[in-house]
């Protein structure tokens, strides 16, 4: 028996699945979740059960394909690998593990399927390490452009922001979770259905975001989505950084943390290396390639065009953020930049900016957009329902 509150605001997903490519989206969907970790997970899973089951089937199939795994393996083998990662999730955070299991129960899938659907980009790093497969150069996983703009560049109140770039078939699944757990800070979390969280801000003014990287040192461990949510349980950017550094990671992502005091950190987090850099006078910008030697030594090779895209987006964001007096409208314009940052789906990669978020932790302001930022409007999301 679960005691929970689950309210979906704005337009429901019915009729939107399968609508991909550039289009104007309805207002951002908001799912309010309260209660224990199990209750919040169950509410999430039951609210979007049909689409989570479909998403899980697709992700499990892809994770076992030669294209993603580097060697063909069956569904049972994929789920065996995912099941072997569950102990790492439970030991990393009992609360996040309970929420993951509650989500699986509510959606009618197994916990191991929830590992795959929520943490796919880390999970395929793990699969390749188990089967001995190499990372195909032509694979384009999720791309994002993330940035921290320090207080001094924003009239005393800094920002965290990023685009969220995915295969265009994922765009219909975007949702914002407004969390009010029984034990822990309230949080606003930008994500997709079936995924614990991809980026967000808590009521203590701690922001956490990511970029996908591709590891050669993948292993059985905890997926990045649980790490993001656990970092959002912390009371400072430094504590969030430390939680990421302590995690038994399955794959690679860059993580950025920022808080209301103006403290910020960037971590290129691989299973066997975690170089970090503290925020200084200029904006920190990260895209989808490692920039520090310790991480570069563990990064899988990238196809030339994909590396050019990541480099171009980072260079463009650095250029746009190299000034003073930056405000939220300026950052919305950065996410809408059509020279490099706002990605429109084109063949054969079909990657698009599925949404974006901008956060000002000093004032707890959170703005988000569903779909291409250049074609859709940001909405301001309060912590109170």
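The values are calculated or read from the model by the stated rules, or taken from the named source; none is laboratory data. Keep in mind that what you see is a predicted model, and the values were worked out from it rather than measured. Heads up, the Cβs are rebuilt from the backbone with ideal geometry, glycines too, and the neighbour counts pull from every protein chain shown.
Only one of the listed residues (153, 83, 128) is closer than 15 Å to residue 60 by Cα and in contact (Cβ under 8 Å) with a residue 60 or more places away in the chain. That residue is 128.
Residue count for the range 262-290 satisfying the condition of being within 13 Å of residue 148 (Cα to Cα) and part of a loop (DSSP other than H, G, I, E, B): 8. Taken over the range 350-373, the criterion of being more than 25 Å from residue 263 (Cα to Cα) and crowded, with 18+ Cβ neighbours inside 10 Å is satisfied by 351, 352, 353, 354, 355, 369, 370, 371, 372, 373. Remark: residue 357 falls outside the filter, which requires a residue to be out of contact with any helix residue (DSSP H, G or I) (no Cβ under 6 Å at 6 or more places or on another chain), part of a loop (DSSP other than H, G, I, E, B) and under 27 Å from residue 178 (Cβ atoms). Checked across the range 335-351, the condition of being assigned to a helix (DSSP H, G or I) and either in the same structural domain as residue 204 (by TED's automatic domain parsing) or in contact with a strand residue (DSSP E or B) (Cβ under 6 Å, 6 or more places away or on another chain) (or both) holds for at least one residue. Of the residues making up the range 304-333, those that are closer than 20 Å to residue 254 by Cα and either touching a helix residue (DSSP H, G or I) at 6+ places or on another chain (Cβ under 6 Å) or loosely packed, with under 14 Cβ neighbours inside 10 Å (or both) number 2.
Taking the numbered list (1) in a strand (DSSP E or B); (2) outside the structural domain of residue 352 (by TED's automatic domain parsing) in turn, residue 160 passes all entries but (2). The conditions of being surrounded by 18 or more Cβ atoms within 10 Å (Cβ to Cβ), part of a helix (DSSP H, G or I), within 19 Å of the chain's Cα centre (by Cα) and outside the structural domain of residue 354 (by TED's automatic domain parsing) are not met by residue 106.
Restricting 119, 74 to residues that are surrounded by 19 or more Cβ atoms within 10 Å (Cβ to Cβ) and under 24 Å from residue 214 (Cα atoms) narrows the list to 119.
Within the range 165-177, at least one residue is closer than 21 Å to residue 363 by Cα and either surrounded by fewer than 24 Cβ atoms within 10 Å (Cβ to Cβ) or modelled with pLDDT of 95 or more (or both). In this structure, residue 383 qualifies as within 16 Å of residue 176 (Cα to Cα) and more than 19 Å from the chain's Cα centre (by Cα).
Quick grid of which residues meet (1) touching a helix residue (DSSP H, G or I) at 6+ places or on another chain (Cβ under 7 Å); (2) free of Cβ contacts under 8 Å to residues at least 12 places away in the same chain; (3) on the phi < 0 side of the Ramachandran plot:
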position: 187; (1), (2), (3): no, no, yes
position: 199; (1), (2), (3): yes, no, yes
position: 210; (1), (2), (3): yes, no, yes
position: 217; (1), (2), (3): no, no, yes
position: 226; (1), (2), (3): yes, no, yes
position: 230; (1), (2), (3): yes, no, yes
position: 245; (1), (2), (3): no, no, yes
position: 258; (1), (2), (3): yes, no, yes
position: 262; (1), (2), (3): yes, no, no
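Which residues, taken from the range 220-244, are in a loop (DSSP other than H, G, I, E, B) and either buried (at least 22 other Cβ atoms within 10 Å of the Cβ) or touching a strand residue (DSSP E or B) at 6+ places or on another chain (Cβ under 8 Å) (or both)? Within the range 220-244, 221, 223, 232, 233, 234, 235, 236 qualify. When 46, 91 are checked against the criterion of being assigned to a helix (DSSP H, G or I) and touching a helix residue (DSSP H, G or I) at 6+ places or on another chain (Cβ under 6 Å), 46 stands alone in meeting it. In the range 196-219, the qualifying residues are those that are farther than 18 Å from residue 269 by Cβ and surrounded by 24 or more Cβ atoms within 10 Å (Cβ to Cβ), and the one that is farthest from the chain's Cα centre (by Cα) is 202. Among the criteria (1) out of contact with any strand residue (DSSP E or B) (no Cβ under 9 Å at 6 or more places or on another chain); (2) modelled with pLDDT under 95, the one residue 82 does not fulfil is (2).
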